[in-house]
Amino acid sequence: MERNVYLDVASEVREALRAGKPVVALESTIISHGMPYPVNVETALAVEANVRKRGGVPATIAVIGGRIKVGLTRDEIEHLARAKGVRKVSRRDLPVVTALEVDGATTVAGTMIVAQMAGISVFVTGGVGGVHRGAGESFDISADLEELKQTDVTVVCAGCKSLLDIPATLEYLETGGVPVIVFGSDEFPAFYSASSGCASPLRMDTPEEIASVIAGKKKLGMKGGLLVTCPIPAEDEIPFDEIDRIIRRALALSAEEGITGSGITPYVLQKIVDLTEGRALRANQSLVLNNGLIGTDIATALCRRA
């Protein structure tokens, strides 16, 4: 991992990897683009604390001044949370932000790439991107799905947001050969909701079972990632029918405002928070904290198999 001239791995992360300790990658888009200040900082630090609580080492990933950082300081998290013009960084953007020496917050795809560079096997996030509604005409499919097909990192999340086409997303992942596991449920979760109406492709109830699949996939020499989805804690979920109505309203408002392209998702997500009077933001915090605990347990079980 030291051969990459753009990569700065924090000493704590480097030492943990060398010692075979559980390291969990964390993304930074949630800090710069996913939540308002200071909730973004509080949530980022709380997820890191949950990883430590379970005995893991957190490695929040971002690009600062063109340097790819694996493991951020408190000051660096604060910087990303408050800075203007921080770019969202997916695969196509990494060469740009490093060459121009600017700041970037890594998406799911971007974080997966950097995690693999650093030798980190497990990555925790809130939700993954997917196939957008109407993708048959727009071809709007998240780069996260492409990355899952080729990058050897396990992504632990709460499914994909119900503003996406969940059945089409699951079909896309199946075609791409990406194993999709639901932790402790027979139904695929829909981010704010524990249920989506879509059956779980594969249910597993312990971190040890999931770690065995990750390890087995590696022994087979198969490339690509693995998606582990965890239902949001019941006390914080918004029922699927309720959030679906709100999403449809937010999408309609975006059309009325003439919002297009990459501006649609951030607009809709903010409208969802507004229309739920903050419940959606609290649900987002709850699910990512829960994912941090489960993801660290999986990373720990994987280390025990090494």
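The values are calculated or read from the model by the stated rules, or taken from the named source; none is laboratory data. Keep in mind the model is a prediction, meaning the values are calculated, not measured. When we count neighbours, we look across all protein chains shown, and the Cβ atoms used for this are built from the backbone with ideal geometry, even at glycine.
Taking the stretch 22-53, which residues are farther than 20 Å from residue 97 by Cβ and touching a Ser or Thr at 6+ places or on another chain (Cβ under 9 Å)? Matches in the stretch 22-53: 22, 23, 24, 35, 47, 48, 50, 51, 52, 53. The listed residues are 232, 246, 272, 238, and the only one of them that is in contact (Cβ under 8 Å) with a residue 24 or more places away in the chain, surrounded by 15 or more Cβ atoms within 10 Å (Cβ to Cβ), within 17 Å of residue 127 (Cβ to Cβ) and more than 21 Å from the chain's Cα centre (by Cα) turns out to be 246. Scan the stretch 127-139 and tell me whether some residue there is in contact with a strand residue (DSSP E or B) (Cβ under 9 Å, 6 or more places away or on another chain), farther than 30 Å from residue 167 by Cβ and buried (at least 23 other Cβ atoms within 10 Å of the Cβ). There is no residue in the stretch 127-139 that is in contact with a strand residue (DSSP E or B) (Cβ under 9 Å, 6 or more places away or on another chain), farther than 30 Å from residue 167 by Cβ and buried (at least 23 other Cβ atoms within 10 Å of the Cβ). Apart from one condition, residue 42 fits all of (1) buried (at least 16 other Cβ atoms within 10 Å of the Cβ); (2) part of a helix (DSSP H, G or I); the exception is (1). The set of residues in the stretch 181-216 that are touching a residue at least 60 places away in the same chain (Cβ under 8 Å) and either part of a helix (DSSP H, G or I) or within 22 Å of residue 149 (Cβ to Cβ) (or both) comprises 183, 191, 207, 208, 210, 211, 212, 214, 215. Filtering the stretch 113-165 to residues that are closer than 28 Å to residue 50 by Cα, out of contact with any Lys or Arg (no Cβ under 7 Å at 6 or more places or on another chain) and assigned to a helix (DSSP H, G or I) leaves 114, 115, 116, 117, 118, 144, 145, 148.
From 80, 72, grab the single residue that is touching a Leu at 6+ places or on another chain (Cβ under 9 Å), closer than 16 Å to residue 115 by Cα and either modelled with pLDDT of 95 or more or assigned to a helix (DSSP H, G or I) (or both). Of the residues listed, the single one that is touching a Leu at 6+ places or on another chain (Cβ under 9 Å), closer than 16 Å to residue 115 by Cα and either modelled with pLDDT of 95 or more or assigned to a helix (DSSP H, G or I) (or both) is 72.
The single residue among 185, 212 that is small (Gly, Ala, Ser) and closer than 22 Å to residue 25 by Cα turns out to be 212. For the stretch 217-229, filtering for residues that are surrounded by 16 or more Cβ atoms within 10 Å (Cβ to Cβ) and either without any contact (Cβ under 8 Å) to a residue 24 or more places away in the chain or not basic (Lys, Arg) (or both) leaves 6. Of 111, 151, 107, all but one fail to be surrounded by fewer than 22 Cβ atoms within 10 Å (Cβ to Cβ) and at pLDDT 95 or above; the exception is 151.
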